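These notes concern the structure reproduced below.
The values are calculated or read from the model by the stated rules, or taken from the named source; none is laboratory data. Since the structure is predicted, the reported quantities are computational estimates derived from the model, not experimental observations. With ideal geometry, Cβ positions are generated from the backbone for all residues, glycine too; neighbour counts draw on all protein chains shown.
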Amino acid sequence: MTGRAEEKPPRWRFIAYFDAGQVLRFVNKPHEQQIGQGIGEMTGRTMKEVLGNAEYEKRKPHIEAALRGERVTFEHRTSTNGHDHHLQIDYVPEFGDSKQVVGAFALIQDITRRKQKEERLESAALHDSLTGLANRQLLADRVSLAIAHARRNKSAMAVVYLDLDGFKEINDTLGHDAGDRLLKMVAQRVVAAVREEDTVARVGGDEFVVALWQVSGAGDAARVASKVINAVSKHYDIGGRAMIITVSAGVGIYPAHGQDAATLLKSADLALHDAKNAGKNAYRVFDGGATVSGQKRR
């Protein structure tokens, strides 16, 4: 094995104690690394003095809850020595002989690796593994969110359903590796053709969907569909072989073509089939099963 192993950030375990007056009375040695102050500098000072005004205001409700006798657990992000850390902090109250709270222990551990693993798993569950785009589940959430936004603002949003023309033949003649390279290039071109706030998803083998966060109407959505077709339907170099790939598109618009994500996506899919039946390399806007507009690019 060659190369140097990636440097991993330290996993600290801190223990501290503050009294009922919120004065820090004890900290263990690792606190010097995390806070950047010596133990002697921290003890005898208030939590506000040690943490600073901004950080203290964030933790104040938890500190006060612990001093009321409640055990508190919360998470906190911080950055130390160039590393970002995710900490789990537990405040455990200490009771005196009279059953009154006399202080609280602070138990702090670095859970960065666990959080990173959770984030990777969450990302994998919501994104297409080949292209990195949103998958069907994340798309449904984004469309629902855009519909809710449009409903509140009495505006419109749209989805554009895309399907590559003749993709099966490419897989059959050039192989699946070539097909995968093509899908990645198509994904990049679609993303580049729409706005940052819009969502591009891969929902099937060669099927993509663009969720347009906000549109002024059918004409606006149709212009985006035309722009995406122009962006995708160009020359590609796949394994040293030049080819022209085209795409067909179907457009569904909220609220005219669906009041929820599932209905709206179905409307766009039906419009896509109309575009395919019309000769491909075109878009159609849904209208109760009939095409209301379209554009044959070639």
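Could you tell me whether any residue of region 94-113 is under 20 Å from Arg13 (Cβ atoms), assigned to a helix (DSSP H, G or I) and not β-branched (Val, Ile, Thr)? Within region 94-113, one or more residues are under 20 Å from Arg13 (Cβ atoms), assigned to a helix (DSSP H, G or I) and not β-branched (Val, Ile, Thr). Summed over region 268-281, the residues that are under 21 Å from Ile244 (Cβ atoms), in contact (Cβ under 8 Å) with a residue 40 or more places away in the chain and crowded, with 24+ Cβ neighbours inside 10 Å give a count of 1.
Scanning region 80-90 for any residue that is within 12 Å of Ala16 (Cβ to Cβ) and assigned to a strand (DSSP E or B) turns up at least one such residue. The single residue among Thr80, Thr46 that is outside the structural domain of Ala134 (by TED's automatic domain parsing), modelled with pLDDT of 90 or more and of a type in the set (S, T, N, Q) turns out to be Thr46. Go through region 234-257 and count every residue that is under 30 Å from Ala148 (Cβ atoms) and surrounded by fewer than 16 Cβ atoms within 10 Å (Cβ to Cβ). Qualifying residue count, region 234-257: 1.
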